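Below is one structure, written out as structure tokens; comments come after it.
The values are calculated or read from the model by the stated rules, or taken from the named source; none is laboratory data. From a predicted model like this one, the values you see are computed outputs, not experimental measurements. Using ideal geometry, Cβ is built from the backbone for each residue, glycine included, and neighbour counts are taken over all protein chains shown. Just so you know, the surface numbers come from the protein's heavy atoms only, side chains and all, with ligands and any DNA or RNA stripped out. Shrake-Rupley method; radii C 1.70, N 1.55, O 1.52, S 1.80 Å.
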Amino acid sequence: MTAFLIFIILSLINFYFGKIMKIRLSHLSLLSICLTFTLCAQGRILEYETTRLKSTAGAGAGSLLVEESIFLNPAAISFFNISTFYFQKVSTEQTPDNGAVSESDAISFIAADTKGSLKGAVAYTKQKKGDEKRKTIAGSMASPLGKMASFGVSYQHITEETVDEFHQSSEETYKKFTLGITRIISPELTMGVVAVDPLRERPQDSKAILGFQYVFKDTISLMLDGGADWKENLSSTLVWKAAAQIKFLDNFFLRFGTYRDKALKERGSGAGISWVQPKLTVEAALKNSKLEEDELLNQEGEKVQETSLSLSYRF
């Protein structure tokens, strides 16, 4: 919109003062096109998710998970007694509403130890989108609250390299805390409560989420998460995610989900499959997202397709 207005203004200048300034419309059009590319935002790097979370469109705050505990609900890791090492590779294609397809990628490493009384995990992620980059070093800890509940906290130290509309790069470092509680209501039903960035280091990230997972006959799992920013208008910051998981052939899991995040101006869906062995898990997922243009989020309107593959080894 800004570039279009600039084009109109330059055209009017040429019409009224072209003879005096001796500037041709073709030159002005070229200048307008250059400004169009200059003023376009690079776009926002999406929040990090494991392969499983991409397949469920981010749902799972009420699920019992290990690697995902750092980035979702840190309390969930408390119910395990294993050690794991996790590697993930993500390839992404972005298609702006008015632009060509571009590619980006991400890698992550997660290590977790849940064999002691204090459960924990550490992670390193590296994401790239065009000229912009994000590195995250994170950790989480959890402790039981009796036999059927737990409390956990995670910490992320994030460094971002961003590029402004004039192609000037800058670096920003910030931190993000997440608090979580997990409660086993029955063998079939679990619940999770998560407070993301309660210190409001970045207000656009702050939200409270309530999640549930229901397991039917150890074969079908249904997940539902919902939340919003508690200090803002709930209707404008509402986020909801719904997903299902189906177990088949004893060690295969098929997952799919959908989501809508009004605060981050996102919507989309995901699907994936897992092959689970006693020590090794292989997962693949595909997630499609639609981002709406938003100047405050440094976000241009675009479609994003993410393909994720991960390996997890338990010992």
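Shape of segment 182-259 from its Cα gyration tensor (a ≥ b ≥ c, root eigenvalues): rounded if a/c is under 1.5, otherwise prolate when a/b > b/c, or oblate? Note, shape of segment 182-259 comes out prolate. Among the trypsin sites (Lys or Arg not before Pro) in segment 47-131, those placed in a DSSP loop whose Cβ has at most 11 other Cβ atoms within 10 Å are K115. For the residues T258, T51, a 1.4 Å probe over the protein chains yields an accessible-area ranking, largest first, of T258, T51. Using a simple spin-label model with pseudo-atoms 7 Å out from Cα toward Cβ, L145 and W275 lie 4.0 nm apart.
Counting heavy atoms of the protein chains alone, M141 has an accessible area of about 100 Å² for a 1.4 Å probe. Using alpha carbons only, how many degrees (0 to 90, rounded to 10) separate the axis of helix 25-39 from the longest principal axis of the chain? Relative to the chain, helix 25-39 is tipped by roughly 20 degrees. The magnitude of the dipole of the chain, with charges of +1 and -1 set on the Cβ of Lys/Arg and Asp/Glu and taken from the Cα centre, is near 500 debye.
Between the residues A57, A138, A76, the greatest Cα displacement towards the positive end of the dipole of segment 45-167, with unit charges on the Cβ of Lys, Arg, Asp and Glu, is found for A76. If you take the Cα centroid of segment 251-315 and the Cα centroid of segment 52-79, the two points sit 13 Å apart.
Taking the square roots of five times each eigenvalue of the Cα gyration tensor of segment 76-200, the equivalent ellipsoid has semi-axes of 35, 16, 15 Å, listed largest first.
Once both labels are positioned 7 Å from their Cα atoms along Cα-to-Cβ, the gap between E47 and F85 label points is 3.0 nm. Between S170, Q204, T237, the Cα set farthest toward the positive side of the dipole of segment 155-250 (charges on each charged residue's Cβ, about the Cα centre) is that of T237. Protection proxy ranking, highest mean first, for peptides 167-178, 264-275: 264-275, 167-178, where packing is the per-residue count of other beta-carbon atoms within 10 Å, averaged. Counted residue by residue at 0.36 nm each, then reduced by the alpha carbon distance between them, the extension gain from F248 to W230 reaches 2.5 nm. Seen from every direction in turn and averaged, the convex hull around the alpha carbons of the chain projects onto 17.6 nm². Three principal axis extents of segment 161-214 based on alpha-carbon atoms, in descending order, are 55, 21, 13 Å. In the assembled protein chains, T56 presents an accessible area of approximately 0 Å² (probe radius 1.4 Å). Taking Cα atoms only, the orientation of helix 2-21 departs from the longest principal axis of the chain by about 10 degrees.
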